[in-house]
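*Asks:* Right, I'll just put the structure down here and ask away after.
The values are calculated or read from the model by the stated rules, or taken from the named source; none is laboratory data. Everything numeric in this text was worked out from a predicted model, so none of it was measured. Neighbour counts run over all protein chains shown; Cβ positions are idealised from the backbone, glycine included. The area values use the complete protein model at the heavy-atom level, side chains included, leaving out ligands, DNA and RNA. Shrake-Rupley method; radii C 1.70, N 1.55, O 1.52, S 1.80 Å.
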Amino acid sequence: MVLWGAYVRASGSGAGCGSHWPLCNGEVVPVAPRVETIIEFTHRAMSGVALVGVVALWLWSRASFARSSRVRTPALASLVFLITEALLGAGLVLFNYVDKDQSVGRAFYLSLHLVNTLLLLGALALTAWFSRREVEAPVRRSPMVMAALPIAMAVSVAGAIAALGDTLFPATSLAQGFHQDFSGAANFLVRLRVLHPVLAILAACYFVAVSVIVLRGKRHPIAARLATWVLILTLGQLGAGALNLALLAPVWMQIAHLLLADLVWISLVLLAIEAGQGAAIKLD
């Protein structure tokens, strides 16, 4: 659902169902739809299936786990964030923050939408994680690991704005793209685009440092495995970002880039839970 939503934005199909929600062009199922309508309607259908699945997940958590279980809270949070996700998606359509809209409102709304998506993914990941392993309360949280979460969120928001700029103002060459980025006459979305790679490199250095510290210390084996994944995925994401820039952000590469970003986020969320396990872990 998340990746297809990015495809809706990148393909310019956000207005495929017109200004109607939850109906599509005033119909439950569009008749003789355009390609853009099929893309947008498919995303809405995916969201509906996801909602049914998360409602079932929440009911399962209540039926299968005790009131004190740590599974219940993220399961409920998953349901809340998915409902919020649907409402934010509806707002994009109803406020006409789709297609060629270049407003500050669209950039802000997309950023809010992405933050909610990350919270949803984190809640779903924790539900799955706690359901297979009831994690004891850690001796202490590591501020260094916890700080990686807002950093990752900030980089993702910058990436969403950069992706919107790439969609609305595509460059025909790398040189033209750089010229657009530093042109005083360029739209604010284009001028903000340069922030993402800078933030991404700085954040990657931080994530690598956190991973190395966890791996070098006396750590819980599960935390060590998660730190290894954070390290691998972070380096892979850096490479994907460089390739995305070199290829001038084709749609397929934008989606792959987003997938890796989501995997880095999930790995960091789980590492933040596990890094505090065991009194011998010293990260700060």
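*Asks:* Would you confirm whether or not the stretch 17-27 contains a residue that is modelled with pLDDT of 90 or more and under 28 Å from residue 157 (Cα atoms)?
*Replies:* Going residue by residue through the stretch 17-27, those that are modelled with pLDDT of 90 or more are 17, 24.
Going one step further and asking which of them are under 28 Å from residue 157 (Cα atoms), we end up with 17.
Yes: one or more hits.
*Asks:* Taking the stretch 1-44 on its own, how many of its residues are part of a loop (DSSP other than H, G, I, E, B) and of a type in the set (Lys, Arg)? Working first, answer last.
*Replies:* Start the filter on the stretch 1-44 by keeping residues that are part of a loop (DSSP other than H, G, I, E, B), which leaves 1, 11-23, 25-26, 28-34.
Filter once more, keeping what is of a type in the set (Lys, Arg): 34.
Within the stretch 1-44, residues that are part of a loop (DSSP other than H, G, I, E, B) and of a type in the set (Lys, Arg) number 1.
*Asks:* How many residues does the stretch 74-103 contain that are modelled with pLDDT of 95 or more and either open to solvent by 70 Å² or more (accessible area, probe 1.4 Å) or among the β-branched types (Val, Ile, Thr) (or both)?
*Replies:* Residues that pass the stated criteria total 4.
*Asks:* Then there's this: Is it the case that residue 185 is free of Cβ contacts under 8 Å to residues at least 24 places away in the same chain, surrounded by fewer than 18 Cβ atoms within 10 Å (Cβ to Cβ) and in a loop (DSSP other than H, G, I, E, B)?
*Replies:* On the way: free of Cβ contacts under 8 Å to residues at least 24 places away in the same chain: yes; surrounded by fewer than 18 Cβ atoms within 10 Å (Cβ to Cβ): yes; in a loop (DSSP other than H, G, I, E, B): yes.
Yes.
*Asks:* Of the conditions (1) closer than 15 Å to residue 113 by Cα; (2) in contact with a strand residue (DSSP E or B) (Cβ under 6 Å, 6 or more places away or on another chain), residue 41 fails just one. Which one is it?
*Replies:* Condition not satisfied by residue 41: (1).
*Asks:* So, one more: When only residues in the stretch 188-209 that are part of a helix (DSSP H, G or I) and open to solvent by less than 30 Å² (accessible area, probe 1.4 Å) count, which is nearest to residue 111 (Cα to Cα)?
*Replies:* Per the stated criteria, the residue is 189.
*Asks:* Within the stretch 216-250, work out how many residues are open to solvent by 50 Å² or more (accessible area, probe 1.4 Å), part of a helix (DSSP H, G or I) and touching a residue at least 12 places away in the same chain (Cβ under 8 Å).
*Replies:* 6
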